[in-house]
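Trainee: I am attaching a structure below and will ask some questions about it afterwards.
The values are calculated or read from the model by the stated rules, or taken from the named source; none is laboratory data. These numbers come from a predicted model, not from an experiment. Glycine gets a Cβ as well: all are built from the backbone with ideal geometry, and neighbour counts include every protein chain shown.
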């Protein structure tokens, strides 16, 4: 009787190959391990599993659409263990390398996902339509792809952007600034807008509790993604 596969063993093997490219991991059940990896390393992750374990099998590739991002889930069975490799794809750039080049069973799975969600699998050996007819209208492509949106209403967006950019809920108007000048007050009140360390605290706290991800804030552009 063959020895059962331990989730810790698989996780340690992935850590050796991927290092900091592992974003998070969780043992859901005794026989189920979930590992979130960066999309750039999905090929390395899957190749390492299939080269290490001859009995590894790709069971499914599934998609979760949360309006802002796609979550691709590669379900791999390794004897008694189910490994879920997860990759988060931003909708602004929903492309990822194909694994069908070395796992033929992924061919139709990736083509189905491409048809229904519009996710592009770079390097797929045969990327033609699978479920949708060749004549399928372009404006109706990716019928299961949800529209890009977040949890904030339009009137809330400026407030949240201003909070994370300056620490203030509302910007000061020119009239307010001029009135403060007439009263011999500093142009800016002692808020986080004028206190760099206080602003850093606000921004760090938002990252720690994942408020920035919840509302869909992009730190590079300093804008909401929708």
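Trainee: Go through the residues of the range 167-179 one by one and say whether even a single one is in contact with a helix residue (DSSP H, G or I) (Cβ under 7 Å, 6 or more places away or on another chain), in contact (Cβ under 8 Å) with a residue 12 or more places away in the chain and outside the structural domain of residue 119 (by TED's automatic domain parsing).
Mentor: yes
Trainee: Tell me which residues, restricted to the range 17-39, are farther than 22 Å from residue 3 by Cα and out of contact with any helix residue (DSSP H, G or I) (no Cβ under 7 Å at 6 or more places or on another chain). Can you show your working first?
Mentor: Within the range 17-39, the subset farther than 22 Å from residue 3 by Cα is 17-26, 35-39.
Matches in the range 17-39: 19, 20, 23, 24, 26, 36, 39.
Trainee: Could you run through the range 146-157 and say how many residues are outside any loop (DSSP other than H, G, I, E, B) and either closer than 22 Å to residue 88 by Cβ or in contact with a strand residue (DSSP E or B) (Cβ under 8 Å, 6 or more places away or on another chain) (or both)?
Mentor: 1
Trainee: Let me ask you something else. Output the residues belonging to the range 167-185 that are surrounded by 11 or more Cβ atoms within 10 Å (Cβ to Cβ) and in a loop (DSSP other than H, G, I, E, B).
Mentor: 167, 168, 169, 170, 171, 172, 185
Trainee: Kindly list the number of the only condition in (1) modelled with pLDDT under 90; (2) more than 33 Å from the chain's Cα centre (by Cα) that fails for residue 168.
Mentor: Here residue 168 clears every test but (2).
Trainee: Still on this structure, please answer the following. Quick one: residue 160 ticks every box in (1) in contact (Cβ under 8 Å) with a residue 60 or more places away in the chain; (2) in a loop (DSSP other than H, G, I, E, B) bar one, so which box is it?
Mentor: For residue 160, the exception is condition (2).
Trainee: Let me ask you something else. Check off (1) within 18 Å of the chain's Cα centre (by Cα); (2) within 14 Å of residue 78 (Cβ to Cβ) for residue 37 and give me the number that stays unchecked.
Mentor: Every listed condition holds for residue 37 apart from (2).
Trainee: Suppose we keep only residues that are touching a helix residue (DSSP H, G or I) at 6+ places or on another chain (Cβ under 9 Å) and within 16 Å of residue 166 (Cβ to Cβ) within the range 196-210. Which one would you say is surrounded by the fewest Cβ atoms within 10 Å (Cβ to Cβ)?
Mentor: 205
Trainee: Let me ask another. If you check every pair at least six apart or on different chains, which have Cβ atoms under 7 Å apart with a residue in the range 192-210 that is at negative phi and modelled with pLDDT under 95 first and a residue that is loosely packed, with under 11 Cβ neighbours inside 10 Å and in a helix (DSSP H, G or I) second?
Mentor: none
Trainee: Across the range 211-226, what is the number of residues that are surrounded by 13 or more Cβ atoms within 10 Å (Cβ to Cβ) and over 21 Å from residue 155 (Cβ atoms)?
Mentor: Residues that pass the stated criteria total 1.
Trainee: Name every residue in the range 78-99 that is out of contact with any strand residue (DSSP E or B) (no Cβ under 7 Å at 6 or more places or on another chain), in contact (Cβ under 8 Å) with a residue 60 or more places away in the chain and under 18 Å from residue 145 (Cα atoms), in order of residue number.
Mentor: Within the range 78-99, 92 is the sole residue that qualifies.
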